[in-house]
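The values are calculated or read from the model by the stated rules, or taken from the named source; none is laboratory data. Computed from a predicted model, the values in this text were never measured in an experiment. Reconstructed Cβ throughout: ideal geometry from the backbone, glycine too, with neighbour counts over all protein chains shown. The area values use the complete protein model at the heavy-atom level, side chains included, leaving out ligands, DNA and RNA. Shrake-Rupley method; radii C 1.70, N 1.55, O 1.52, S 1.80 Å.
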Amino acid sequence: MLIKNARINTIDNEYEIKDIYIKDGKIAEIGSDVNSLNIIRETFLSSDENIKKLEIIDLKGKKYLIPGVIDPHVHMRDPGLTHKEDLYTGSRACAKGGITTFIDMPNTIPTTTNLSALQDKKDLASIKSLVNYGFHFGGTSTDNSDIIPSEGVASTKVFMNISTGKMLVEKDEVLKNIFLKSKMVSVHAEGEMVEKAITYNEKYGKKLYLCHISNEKELDIIRKNREIATKKIYTEVTPHHLFLSENDIKGKNEMLFRMKPELKTNDDIEALWKAINDGTIDTIGTDHAPHLLSEKLEKVTFGIPGVENSLPLMLDAVSKEKITLSKLIELMSKNPSKIFGIKDRGEIKEGYYGDLVVVDLEKKFTLENKTTLSKCGWTPFDGYTGFGKIETTIVNGTIVYNKNQIIENTGSEIEYE
């Protein structure tokens, strides 16, 4: 694939126009003019047959090419809850939303808390997923003998506030053991549990990833502890905590907007945006947790879909000058790759995989239930309009989404440094 006239955002939020040649799934060369790309000349100009195989995309105009989004926090419901979502339908939704890599959480049926369940999930993804995939392992309140210190998983996920079955971990000795054995611990921790997680990481852990932080008090705890911590602390926020408050849903069917952590105040939203721009928040994770509408309306059910919404919402934030495009790329691509040690993804760079998204910052979009690809069939942002349309999603040098059409594909399992 040859992408011509790509407008690539730079660190100082300017842009450069480049041509990008992708070969065997990776970016082989980046240059200012196709004629200067030696690899293309040597590979293709000598063979008429090879020239026919070269796919050329010309982005001349005002469209940007950004690195594919890495979503470090999804619940694809596969196996065991596939009536809500599965790795195929969820990955299609990712492709539409510009997410080229996702990392799946362990609270499925069975839970991903032993090596056999982990391998089963990897096998399913290898035949179902259109985009790239990875997995978090799960800590339990009982047996943690299969926790992997380094290979094959992004982190060990621990639920310190809420979960089902054996995945809620409360005993100090069990927590200590999980932190000691894991290369990184990702936690569901709210309120005072945030400080407890930070304390355990400082005493026994290596790195801590705080999932879906949602209010100002938690941010204050994180800032205070980062000043004195000797171990790395990373912070995630979700789009729904950035774009929806408890006031926004009054008068609507509030059953649809129940999640953990719950929606907070407008003051908390303002604090989260400030934390994005001052560097307290490191990543955007969707916490994509789909349920059917019938399930949400029948009883209180925690979780909402998110992978189709996250990039459009954040692009709209760029159009409203709440953040820069450089910051968006840092939060959604570069930082997740660096934090979890993902090899050769998250940047537009020679030697990196061709995971890319074409976006038009001036084109309007509307999020709607009727166009939702997730199996759940709805979005909490139904009717939301903004600027920043996803035109094309490319995974490992292959187009998987283009102008509202999904192109079938097989993604790859991510590798770690």
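The table for this structure:
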item: Residue ID - surrounded by the most Cβ atoms within 10 Å (Cβ to Cβ), chosen from residues in segment 73-96 that are closer than 16 Å to M332 by Cα and within 12 Å of the chain's Cα centre (by Cα); result: C94
item: Condition met for K327 (under 14 Å from L242 (Cα atoms) and open to solvent by 10 Å² or more (accessible area, probe 1.4 Å)); result: no
item: Qualifying residue in segment 181-194 (condition: of a type in the set (D, E), over 19 Å from E216 (Cα atoms) and surrounded by fewer than 21 Cβ atoms within 10 Å (Cβ to Cβ)); result: no
item: Breaking point among (1) in contact with an Asp or Glu (Cβ under 9 Å, 6 or more places away or on another chain); (2) open to solvent by 10 Å² or more (accessible area, probe 1.4 Å), for E298; result: (1)
item: Filter pass, D58 being among the charged types (D, E, K, R), in contact with a strand residue (DSSP E or B) (Cβ under 6 Å, 6 or more places away or on another chain) and modelled with pLDDT under 95; result: yes
item: Search result, residues across segment 193-229 that are in a helix (DSSP H, G or I) and under 20 Å from D267 (Cβ atoms); result: V194, E216, K217, E218, L219, D220, I221, I222, R223, K224
item: Check on G279, surrounded by fewer than 17 Cβ atoms within 10 Å (Cβ to Cβ) and under 25 Å from G68 (Cα atoms); result: yes
item: Residue within segment 254-261 that is among the acidic types (D, E), modelled with pLDDT under 95 and open to solvent by 40 Å² or more (accessible area, probe 1.4 Å) present; result: yes
item: Test: residue in segment 74-85 that is within 25 Å of G341 (Cβ to Cβ), assigned to a strand (DSSP E or B) and in contact (Cβ under 8 Å) with a residue 12 or more places away in the chain; result: yes
item: Test: residue in segment 283-294 that is part of a helix (DSSP H, G or I), in contact with a helix residue (DSSP H, G or I) (Cβ under 7 Å, 6 or more places away or on another chain) and open to solvent by less than 10 Å² (accessible area, probe 1.4 Å); result: no
item: Residue identified as under 17 Å from N396 (Cβ atoms), within 22 Å of the chain's Cα centre (by Cα), open to solvent by 20 Å² or more (accessible area, probe 1.4 Å) and at pLDDT 95 or above among I70, I103, I99, I127; result: I127
item: Tabulated pairs, segment 131-150, first buried (at least 24 other Cβ atoms within 10 Å of the Cβ), second among the basic types (K, R) and part of a strand (DSSP E or B), C-beta under 8 angstrom, 6+ apart or interchain; result: H136/K157; F137/K157; G138/K157; G139/K157
item: Every residue from segment 330-385 that is surrounded by fewer than 17 Cβ atoms within 10 Å (Cβ to Cβ), of a type in the set (D, E) and under 14 Å from G97 (Cβ atoms); result: E368
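One line per residue, one yes/no per condition, for (1) in contact with a helix residue (DSSP H, G or I) (Cβ under 8 Å, 6 or more places away or on another chain); (2) assigned to a loop (DSSP other than H, G, I, E, B):
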| position | (1), (2) |
| --- | --- |
| I233 | yes, no |
| E236 | no, no |
| L242 | yes, no |
| K250 | no, yes |
| M255 | yes, no |
| K260 | no, yes |
| E270 | no, no |
| K274 | no, no |
